[in-house]
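J.: Please see the structure below; I have some questions.
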Amino acid sequence: MMPHRSMAIAPAAAAVALLLVVHAPAGGSQTPPVILPTERASNVFFAEVKINGAGPFWFTVDTGATLTVIDPATAQQIGLVTRPAGRRGYVGVATANTEMATTTGARLDVAGLASFAPAILYVVPVRGNASFLGHQIDGVLGTDFLRRYVVEFDYGAGRVTVRPPGSVAASSSAAPLEVPVSVTGNVLLAPATASFTDGTAAPAALLIDTGSSGALTLTTPFVRRHRLTERFKSDRASATVGISGMVFSPVITLASVAFGEAVISQPNASLSQAEAGLNASEDFDGIIGAELLRRFTVTVDYAGRRLRLVSAARRPAQTR
């Protein structure tokens with residue numbers, strides 16, 4: 001997700017988060033635990049989705065996207081009528097606005113779950129990220145879909161499990177660390193502490209983004225507020241690809257980023273220089289992607305407003 005410095009360019013992180021702020025009810029049907037039919041590439045999970053009985057198509061399972069969206073080519077393929085919705089900013093990582101459209105009458109089905117039929121489905125060009133993610137992508141399952149459930153991302157086992165609201169994962173020998181989260185406007189934020197190599201630290205509200213293959217990006221307002229580019233020199237850069245284009249950012253190494261007792265030591269952090277787009281948002285301080293989240297089994301309890309983290313180092317061995 002972000003800008004540049006000359007030198008080694010880190011692998012591109014594909015960000016398909018949509019910050020179109022909406023409010024959606026938290027209700028949902030009471031379904032038993034379901035292991036979603038998924039594949040994983042670039043640390044991002046892709047779920048098989050049927051649309052009005054056609055497919056399956058591949059949608060990212062994306063806690064960083066406020067809305068579920070479909071690619072225009074996919075919509076055309078299944079005969080959905082689309083209507084122009086203009087160009088909008090804060091849809092992707094780059095500064096350019098993104099051409100949007102909407103459609104109606106779409107019913108999305110993921111095996112084992114209740115059908116999802118939003119009154120309006122946004123149409124956004126996401127297929128262009130396929131080459132960077134290394135997987136076909138026809139759409140995004142966003143927070144409006146996911147918030148009906150408790151969703152567990154088990155990176156070690158390579159699976160996504162969905163449970164009814166109020167349920168908990170099966171007990172294991174590794175007790176989860178719980179972090180409070182907010183889901184205002186479908187934006188999933190967790191309070192964290194960013195510690196720097198000069199011994200200082202700062203609180204940071206981080207967007208939890210399972211749809212990004214990247215590590216950590218600190219937003220432009222946060223970078224400026226803490227004078228990070230002046231205080232810490234960088235000889236590396238990251239290239240981030242999203243639905244609105246590519247941006248480059250200088251990269252530094254933090255001492256740590258912590259969600260309560262869950263501590264990630266020495267993570268790389270991209271320092272956004274963007275003047276517009278997702279990385280220039282004033283609504284949060286940074287975006288943490290799957291490159292760091294995969295160090296845990298991550299469970300998002302939307303109704304309970306909790307994030308549960310079990311470190312991979314503490315997780316019991318998987319039996320096969």
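Here is a yes/no grid of residues against (1) in contact with a Ser or Thr (Cβ under 9 Å, 6 or more places away or on another chain); (2) buried (at least 18 other Cβ atoms within 10 Å of the Cβ); (3) free of Cβ contacts under 8 Å to residues at least 24 places away in the same chain:
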{"site": "Gly105", "(1), (2), (3)": "no, no, no"}
{"site": "Phe116", "(1), (2), (3)": "yes, yes, no"}
{"site": "Leu121", "(1), (2), (3)": "yes, yes, no"}
{"site": "Gly128", "(1), (2), (3)": "no, no, no"}
{"site": "Thr143", "(1), (2), (3)": "yes, yes, no"}
{"site": "Ala157", "(1), (2), (3)": "yes, no, no"}
{"site": "Val160", "(1), (2), (3)": "yes, yes, no"}
{"site": "Asp198", "(1), (2), (3)": "no, no, no"}
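J.: Could you list, in sequence order, all residues of the stretch 115-153 that are part of a strand (DSSP E or B) and farther than 23 Å from Glu291 by Cβ? Can you show your working first?
T.: From the stretch 115-153, those part of a strand (DSSP E or B) are 116, 121-123, 139-141, 150-153; that's our starting set.
Residues satisfying the conditions are Phe116, Leu121, Tyr122, Val123, Val150.
J.: Can you list the strands (runs of 3 or more DSSP E) lying wholly within the stretch 154-266 that have 1 or more residues being among the small types (Gly, Ala, Ser) and at pLDDT 95 or above? Can you show your working first?
T.: On the way: elements: 159-163, 177-180, 189-195, 201-208, 216-218, 236-242, 245-253, 256-259, 262-265.
In the stretch 154-266, 189-195, 201-208, 256-259, 262-265 are the strands (runs of 3 or more DSSP E) which contain 1 or more residues that are among the small types (Gly, Ala, Ser) and at pLDDT 95 or above.
J.: Which number in (1) under 18 Å from Thr219 (Cβ atoms); (2) outside any loop (DSSP other than H, G, I, E, B) marks the one condition that Thr297 misses?
T.: In the conditions (1) under 18 Å from Thr219 (Cβ atoms); (2) outside any loop (DSSP other than H, G, I, E, B), Thr297 misses (1) alone.
J.: Does Pro25 satisfy the criteria of being modelled with pLDDT under 95 and out of contact with any Phe, Trp or Tyr (no Cβ under 9 Å at 6 or more places or on another chain)? Outline the logic, then answer.
T.: Numbers: modelled with pLDDT under 95: yes; out of contact with any Phe, Trp or Tyr (no Cβ under 9 Å at 6 or more places or on another chain): yes.
Yes; evaluated as a whole, the condition is true for this residue.
J.: Count, please, the residues in the stretch 271-286 that happen to be modelled with pLDDT of 95 or more and within 16 Å of Leu228 (Cα to Cα).
T.: The total comes to 3.
J.: Related question: Could you check, for the stretch 148-159, whether at least one of its residues is touching a Leu at 6+ places or on another chain (Cβ under 8 Å) and of a type in the set (Lys, Arg)?
T.: Yes, the conditions are met somewhere in the stretch 148-159.
J.: Another one. Might you let me know whether the stretch 285-292 holds any residue that is assigned to a loop (DSSP other than H, G, I, E, B), closer than 11 Å to Thr219 by Cβ and not assigned by TED's automatic domain parsing to the domain that holds Gly128? So that I can check it myself, show each step before the final result.
T.: Here is the first cut: in the stretch 285-292, the residues assigned to a loop (DSSP other than H, G, I, E, B) are 285, 289.
So of that shortlist, the ones also closer than 11 Å to Thr219 by Cβ come out as 285.
Retained after the next criterion (residues that are not assigned by TED's automatic domain parsing to the domain that holds Gly128): 285.
Checked against the condition, which is being assigned to a loop (DSSP other than H, G, I, E, B), closer than 11 Å to Thr219 by Cβ and not assigned by TED's automatic domain parsing to the domain that holds Gly128, the stretch 285-292 yields at least one hit.
J.: Out of (1) under 15 Å from the mean Cα position of the chain (by Cα); (2) outside the structural domain of Thr38 (by TED's automatic domain parsing); (3) of a type in the set (Phe, Trp, Tyr), what's the single condition that is false for Phe196?
T.: (1)
J.: Select from the stretch 43-77 the residues that are at pLDDT below 95 and more than 28 Å from Thr184 (Cα to Cα) and list them in ascending order.
T.: Answer for the stretch 43-77, where residues must be at pLDDT below 95 and more than 28 Å from Thr184 (Cα to Cα): just Gly55.
J.: Give the residues of the stretch 108-163 that are under 23 Å from Ala73 (Cβ atoms) and of a type in the set (Lys, Arg), sorted by residue number.
T.: Within the stretch 108-163, Arg127 is the sole residue that qualifies.
The values are calculated or read from the model by the stated rules, or taken from the named source; none is laboratory data. Quantities reported herein were computed from a predicted structural model and do not represent experimental measurements. Neighbour counts are summed over all protein chains in view; Cβ atoms, including those assigned to glycine, are modelled from backbone coordinates with ideal geometry.
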